[in-house]
Structures are given as structure tokens and as C-alpha cells.
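Accompanying notes for the structure given below.
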Amino acid sequence: MTSRIPHFYNMTIEERRQKISDAAALPPPELGAWTQGGLSAESADPMIENVVGLHSLPLGIALNFQVNGRDILIPMTLEEPSVVAGASFMAKLARAGGGFHATTTDPLMIGQMQVINVVNLNEAKLKIYEKKAELLAEADSIDPILKKFGGGARDLEVRIFDNSPIGGFLVVHLIYDVRDAMGANAVNTACERLAPKIEAITGGKVHLRILSNLADRRIARARCTIPVKELAFESVGQISNLPNGQIGNLSYTGEQVRDGIIAAYAFAAVDPYRAATHNKGIMNGVDSVVIATGNDWRAIEAGAHAYAARSGRYTSLSTWGKDNEGNLVGTLEMPMAVGIVGGATKVHPAAQAAVKLMGVKTANELAEIIVSVGLAQNMAALRALATEGIQRGHMSLHARQVAIAAGANGELIEKVAAQMVAERIVRIDRAEEIMKSLESGK
Ligand code: MEV
């Protein structure tokens, strides 16, 4: 199986579907949910309340990805142009340096119990620790299926907050291995089950019992090395960065691009205003795979940004630097609470198709792919920002759409679009003129 499919960009939707099912050795019906729009109103009805219909988004495939030595076609669901192309292009550059190397911790989620009305916080904390084994055994027995697959309660931690707006209270953290589930249901159930026991031990009242989205015990990490020579490129028909708005070609050496990316990262490392946008670029990649697989992207977003602020100051989730040979090295580390069993992943046919296409067998494997896509996306944004500016990529896609609207097809689309971008005139009348002149061989 290869994730490299030449000329995919210029194929029709039907040709792309065929290529994808050939490349992944999946018969078309396996991916059929995408052609039929994914979800029926009937299956949507029990998912949320007051259903009146469906809301669709584009589903594109990012190419060239290699994660831990395995080629993977990546389904991405989102509305923003340039993201799928950016991820695919960066995955191609990363491939030249061995692809993405990704790891995960055990899938440990944190459940929180807030214990209020406690007379002596220090004493109550120690009393809970004395009963830790008993409490863990109770929590562990709640989900026999999870237990069968190797999950279950792992640890209990007690924290004291002695100066809150309501005075002091305890917070008990239940650490739960949720295996291939996202885990919210298992953890919330376990916390609700433990609450009366904690009340009996502490003499207090267990108020909130809920999972934490700051899933900092469930981390996914990815790194990649881009050979510096792969970064060199020529920007044709430059639309920014040249003095006085001139048009012309600009060449970038690999070293210039590498150092530009590193300087862009430095900006995000020190400035929260930039870090928010930098991390948003990472989330463009992360969320689109999270959504394609039917996972809870709000949970992933919440976890990512809370993790980015864990030092007390919001900063970049990724790092960019160089190695001894001068190659560009990127890393990304973030919480990744995604599942492949249960929830929408189980009932949404399009999500099942996404999981199938990637051939993932565990939630950790999915998390490793997602964090790699986040890193690729981050690099795509920084490379563009550090060189020709972000508008050019958007402009190219827009130009393609205009070329198609003017009647171009096949190879002509790219030629007409490229010329319009070079001229900085992206209009349907100009597209028609260019088509005429190309067709008449002028
Ligand atoms: C746009 O969706 C994402 C970027 O703003 C990310 C970034 O600035 O790094 C381009």
C-alpha cells in the first residue's frame, strides 16, 4: 500500500475514489459512506435532540504520509482551502527524511471529583490514600469489557485547593486506562460510582464528578526531519515579499526556508498572540482527522490549548530547530483523547470508512497519525508564512476554481490557474482569454 498517488489533484472525484480504493485495497462499498454523504437522517435522529436534517463538509484525502514506517492515506474533513494540499506536500518532504515517528503514552484519562464541605483537608486527603486500593478495586470492576481489553482503574491522586472563592476543597483524580475508547463514559461512570465512598471516607460532599479534558496523561508525540535540500524552492509569480509589489520569481535556499521556519516558531514560543494562531494551524490538521473519524474535536481543542498553557504562559505546542547536519527537525506533543470504539466513530458510516482507510487497529495508532498530521500542517503554514506569504496558496486554489468555472479541464486547469496567479489577475474573463491563447497554441 502506498500513500503516493501522482496527479491525484487533477483527477475527477470519481477517478480519485477509484484510486483510493485501489491504493488501500478496499472495495468501493467499504468507502461508500463518503459517496452517499455519510449519515442518514434516521441514524442522526438518536445521536442528538430535535434533529431536522444533516450538515455536510468536504472530505479530502491527504497523500504522502508515512507514520512509523507505514504509508497511510489520511481522510480530512474541513471547509478550509489549502489545508489538505499543505499537509500532503509537507508529508512528501518529511518522507524524504524517513517520515513521521510517533509514539503515545498509555491511554490514561483523568476523572475529577470535587469534594466540598471537608472540615480538615489534610486529614481527608490522607484518609483517601489509606483506602486507595479499595477505591481502585471498586472503580476497576465497573466496566468488565474495558477490563477484558486490558483497561481499568490505574491510580488515585488527591489535590488540595485551600484558597478558592468558596474556601478550601479537595479534588480527587481517578486515573483510568480507557484503551481504545475516548473514555468519557467509562470515566464519568467510575467517578459517579466512587462518590458515595469518598463521601463516607472524608465526611464531605462530592460535588462535581466529571472527566478532565486536560488529558495530560494521554499524550501523543510526533517528530520529523526534513533534509535541508528538500526545502529549497522557487516561487514563481511572487505575490508578496518583493519590494513595491513587483511580480517576479524568488528562489529560496533550503537554509533560508529552514531558518525562516525556526524564526517563525520562535515567535510562537514567546508570544501568546502568535502561539494561538500557530496552534490553530496545528489544529487545522488535527481537527480535520478527528472529525473525519467521528471523534470529539471540542475535547481535543480544549485539551490542546490547556496543555499549551501548562507552564502558566500559553505557548507553541510544537518546536522547530535543526540537527547536526543542518536538517530541519520538528516535534509536536499534545493530549490526544481519541477513540475507535463507541460514540459517533461506531455509528457514523463515514467515520468507520475513515478508520478503515487508515487501517488503524488501536486508538493509540490513530492518535499517532493525528499528531503527525498536526505537525505536517504546522510546517505547511510556517513554510508559507516564512517565504511567499499565506495568501498565495489560497490564491492558487481560488484560481483553479475560476479556471474550472471558465470551462478549463484536465491539464488546462493548472496552466490557466498558474498564469492567472503569476499575473495576479484571477478573474473569469482573464481565464477565458488565457484558455483561448493556450488552445490556439499562442
Ligand atoms: C490558518 O487557518 C492557519 C494559519 O494562520 C496558521 C499559522 O499562522 O501558523 C496559517
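The values are calculated or read from the model by the stated rules, or taken from the named source; none is laboratory data. Keep in mind that what you see is a predicted model, and the values were worked out from it rather than measured. Note: ideal-geometry Cβ built from the backbone for every residue, glycine included; neighbour counts use all protein chains shown. With ligands, DNA and RNA removed, areas are computed over all heavy atoms of the protein, side chains included. Shrake-Rupley method; radii C 1.70, N 1.55, O 1.52, S 1.80 Å.
Per-structure values
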| quantity | calculated |
| --- | --- |
| Pairs where the first residue, in region 414-442, is in the same structural domain as ALA403 (by TED's automatic domain parsing) and the second is at pLDDT below 85 and part of a loop (DSSP other than H, G, I, E, B), C-beta under 6 Å, 6+ apart | VAL421/GLY237; ALA422/GLY237; ARG424/ILE239 |
| Considering residues of region 136-151 that are buried (at least 21 other Cβ atoms within 10 Å of the Cβ) and farther than 17 Å from VAL338 by Cα only, the residue nearest to the chain's Cα centre (by Cα) | ASP143 |
| Condition check for GLY330: of a type in the set (Gly, Ala, Ser), part of a strand (DSSP E or B) and assigned by TED's automatic domain parsing to the domain that holds ALA380 | yes |
| Residue among ALA308, ALA302, ALA292 that alone is in the same structural domain as PRO335 (by TED's automatic domain parsing), away from the ligand (no atom under 16 Å from the Cβ) and surrounded by 19 or more Cβ atoms within 10 Å (Cβ to Cβ) | ALA292 |
| Scan of region 37-69 for residues that are free of Cβ contacts under 8 Å to residues at least 24 places away in the same chain and open to solvent by 60 Å² or more (accessible area, probe 1.4 Å), ordered by number | GLU42, ASP45, PRO46, ILE48, GLU49, ASN50, VAL52, LEU54, HIS55, SER56, PRO58 |
| Residue count, region 77-93 (criterion: under 17 Å from ARG4 (Cβ atoms), within 15 Å of the ligand (Cβ to nearest atom) and open to solvent by less than 20 Å² (accessible area, probe 1.4 Å)) | 3 |
| LYS132 vs. criteria assigned by TED's automatic domain parsing to the domain that holds ARG179 and surrounded by fewer than 16 Cβ atoms within 10 Å (Cβ to Cβ) | yes |
| The one condition in (1) within 15 Å of the ligand (Cβ to nearest atom); (2) open to solvent by 30 Å² or more (accessible area, probe 1.4 Å) that ASN279 fails to fulfil | (2) |
| Given (1) open to solvent by less than 30 Å² (accessible area, probe 1.4 Å); (2) under 19 Å from the mean Cα position of the chain (by Cα), number of the condition LEU328 does not satisfy | (2) |
| Among (1) at pLDDT below 90; (2) open to solvent by less than 60 Å² (accessible area, probe 1.4 Å); (3) assigned to a loop (DSSP other than H, G, I, E, B), the one test that LYS442 misses | (2) |
| Contacts under 9 angstrom Cβ, first residue in region 115-133 being on the phi < 0 side of the Ramachandran plot, partner surrounded by 15 or more Cβ atoms within 10 Å (Cβ to Cβ) and acidic (Asp, Glu), 6 or more apart | VAL115/GLU199 |
| Tally of residues being exposed (fewer than 15 other Cβ atoms within 10 Å of the Cβ) and not in a loop (DSSP other than H, G, I, E, B) across region 402-414 | 2 |
| Subset of region 385-399 [outside any helix (DSSP H, G or I) and open to solvent by 40 Å² or more (accessible area, probe 1.4 Å)] | ILE390 |
| Of residues in region 343-374 being among the charged types (D, E, K, R) and assigned to a helix (DSSP H, G or I), the one farthest from PRO28 (Cα to Cα) | GLU368 |
| Filter pass, ALA124 being more than 16 Å from the ligand (Cβ to nearest atom), in contact with a strand residue (DSSP E or B) (Cβ under 7 Å, 6 or more places away or on another chain), more than 15 Å from MET379 (Cβ to Cβ) and not in a strand (DSSP E or B) | yes |
| ALA94 being in contact with a Cys (Cβ under 7 Å, 6 or more places away or on another chain), assigned by TED's automatic domain parsing to the domain that holds LEU375 and of a type in the set (A, V, I, L, M, F, W, C) | yes |
| Within region 246-276, tally of residues that are β-branched (Val, Ile, Thr), part of a helix (DSSP H, G or I) and open to solvent by 20 Å² or more (accessible area, probe 1.4 Å) | 2 |
